[in-house]
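Notes for the one structure printed next.
The values are calculated or read from the model by the stated rules, or taken from the named source; none is laboratory data. The structure presented is a predicted model; accordingly, all values stated were derived computationally and were not measured. Cβ: placed from backbone, ideal geometry, glycine included. Neighbour counts: every protein chain shown.
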Amino acid sequence: MSRMVYCGEVPIGGGAPIPIQSMTNTDTRNVAATVDQIKRLSDAGCDIVRCAIPDMEAAEAFSSIKKQVKVPLVADIHFDYRLAVMAIKNGADKVRINPGNIGEKDRVKAVIDAARERKIPIRIGVNSGSLEKEILEKYKGVTAEGLAESALRNIKLIEDMDFNDIVVSLKSSDVKLNYQAHRLIFGKMDHPIHIGITEAGTIESGKAKSAIGIGALLLEGIGDTVRVSLTGDPINEVHFAKEILKALNLRKSAINFVSCPTCGRCSVDLAKITEEVETALKPLEKEMGKKEMPSVTVAVMGCEVNGPGEAREADIGVACGKGKGLIFQHGEIKKTVKEEDIAKELILYLKQERSLI
Ligand code: SF4
């Protein structure tokens, strides 16, 4: 098991629940816009938010941003160690650097010393797009071995400074290479690993790459915190990261929604019913999160042939028939309701069960 580090009050690693991360895409110097986006991300379920710090003005703005939000903030720094030091002074809960592009050892040490003083962790972020020149030459381009070697080398550099509050990430937009690189470092160090597919793309392709890339690693027990990278509004990243964790039963207080694809046997408007149920489940899931309740499975099935089996397995389920639905709760038939009442009744059962009324 990995060590545990804390980003603000959020534990990462050491068997803690896997926090979801995302990154703002506002100009960090625009404090109002950045605060607004951070609050929206946090509201959507993002546990840790990262902001790019491209210059001193952004590092200074970080201080005002930090005062206006509750969620832990990570400062993302490239090249200039002074930006990292300033962001740490201005309240960063973690700093993400790639020591390879920070340069001289004493500059990296200045960042580590500042982090040590404020007791915050450092994320060593190795990326296929910014591998050291000698590694690229040694491996004749970007390879899993090169990514792993760069990560292990940078970890050692920081460990040798007697600093162990480290989170590691090594990312590539190539799903297979990403997977192989993680397998190469897993077990060779005990720092928590931040996983994700970098530059995964737009919603459709990005979701596919992220589901495979992040899912495959999590199934192997690799990954202590996740970030889905999608072009566009980062809120989508949070929603999708939640779905990945839910699919693997790694999200607490989650509603796992099961519905059938429908076929010629279906004699209700299942698309309409599932949409109604899913919309009603979103605020309920939020309520459950606040109260830290156990997760629940809700199933909506289209017919009496395969429906009852799945509906019975769920905590709350419905197997539809001609213009009606048979409601199940923990395997027991509760009642038969008209098609137009299915969504409402299912939600009612769930609310009653979880005392959410
Ligand atoms: Fe078809 Fe029934 Fe299966 Fe849905 S549950 S896909 S309607 S057989």
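The one condition from (1) polar (S, T, N, Q); (2) in contact with a Leu (Cβ under 9 Å, 6 or more places away or on another chain); (3) under 30 Å from G206 (Cα atoms) that T336 does not meet is (3). Within the range 306-317, residues that are of a type outside the set (A, V, I, L, M) have Cβ atoms under 6 Å from residues that are more than 9 Å from the ligand (Cβ to nearest atom) and part of a strand (DSSP E or B) in these pairs: E310/A299; R312/F328; D315/V296; D315/T297; G317/A299; G317/F328, counting only partners at least 6 apart in sequence or on another chain.
In the range 194-209, of all residues being surrounded by 16 or more Cβ atoms within 10 Å (Cβ to Cβ) and of a type in the set (V, I, T), the one that is modelled with the lowest pLDDT corresponds to T198.
The listed residues are V69, V108, V74, V95, and the only one of them that is surrounded by fewer than 20 Cβ atoms within 10 Å (Cβ to Cβ) and β-branched (V, I, T) turns out to be V69. Test K334 against the criterion of being touching a residue at least 12 places away in the same chain (Cβ under 8 Å) and in contact with a Ser or Thr (Cβ under 6 Å, 6 or more places away or on another chain), and give yes or no. It is false that K334 is touching a residue at least 12 places away in the same chain (Cβ under 8 Å) and in contact with a Ser or Thr (Cβ under 6 Å, 6 or more places away or on another chain).
Scanning the range 10-60 for residues that are more than 25 Å from E243 (Cβ to Cβ) and within 19 Å of the chain's Cα centre (by Cα) yields one hit, A52.
All of (1) in contact (Cβ under 8 Å) with a residue 40 or more places away in the chain; (2) closer than 23 Å to T198 by Cα; (3) of a type in the set (G, A, S) hold for A52 with one exception: (1).
Report yes if some residue within the range 78-89 is under 21 Å from I20 (Cβ atoms) and buried (at least 18 other Cβ atoms within 10 Å of the Cβ); otherwise report no. No: the range 78-89 contains no residue that is under 21 Å from I20 (Cβ atoms) and buried (at least 18 other Cβ atoms within 10 Å of the Cβ). Determine if the range 260-274 includes at least one residue that is surrounded by fewer than 15 Cβ atoms within 10 Å (Cβ to Cβ), within 30 Å of D47 (Cβ to Cβ) and over 29 Å from the mean Cα position of the chain (by Cα). No; the residues of the range 260-274 include none that is surrounded by fewer than 15 Cβ atoms within 10 Å (Cβ to Cβ), within 30 Å of D47 (Cβ to Cβ) and over 29 Å from the mean Cα position of the chain (by Cα).
Is it true that some residue in the range 210-222 is more than 16 Å from the ligand (Cβ to nearest atom), surrounded by fewer than 20 Cβ atoms within 10 Å (Cβ to Cβ) and of a type in the set (S, T, N, Q)? Scanning the range 210-222 turns up no residue that is more than 16 Å from the ligand (Cβ to nearest atom), surrounded by fewer than 20 Cβ atoms within 10 Å (Cβ to Cβ) and of a type in the set (S, T, N, Q).
The helices (runs of 4 or more DSSP H) falling completely within the range 78-119 include none with 3 or more residues that are touching a residue at least 60 places away in the same chain (Cβ under 8 Å) and within 16 Å of S150 (Cα to Cα). With respect to being assigned by TED's automatic domain parsing to the domain that holds A200 and more than 25 Å from R3 (Cβ to Cβ), S130 fits the description. Of the strands (runs of 3 or more DSSP E) that lie entirely inside the range 262-354, those containing 3 or more residues that are more than 12 Å from the ligand (Cβ to nearest atom) span 296-301, 324-329, 332-338.
Number of residues in the range 26-75 that are at pLDDT 95 or above, within 19 Å of V238 (Cα to Cα) and not in a loop (DSSP other than H, G, I, E, B) equals 18. Being in the same structural domain as I166 (by TED's automatic domain parsing), farther than 21 Å from M189 by Cα and in contact with a Gly (Cβ under 7 Å, 6 or more places away or on another chain) narrows it down to one of D80, D106, D113, D93, so name that one. None of the other options fit; the residue is D93.
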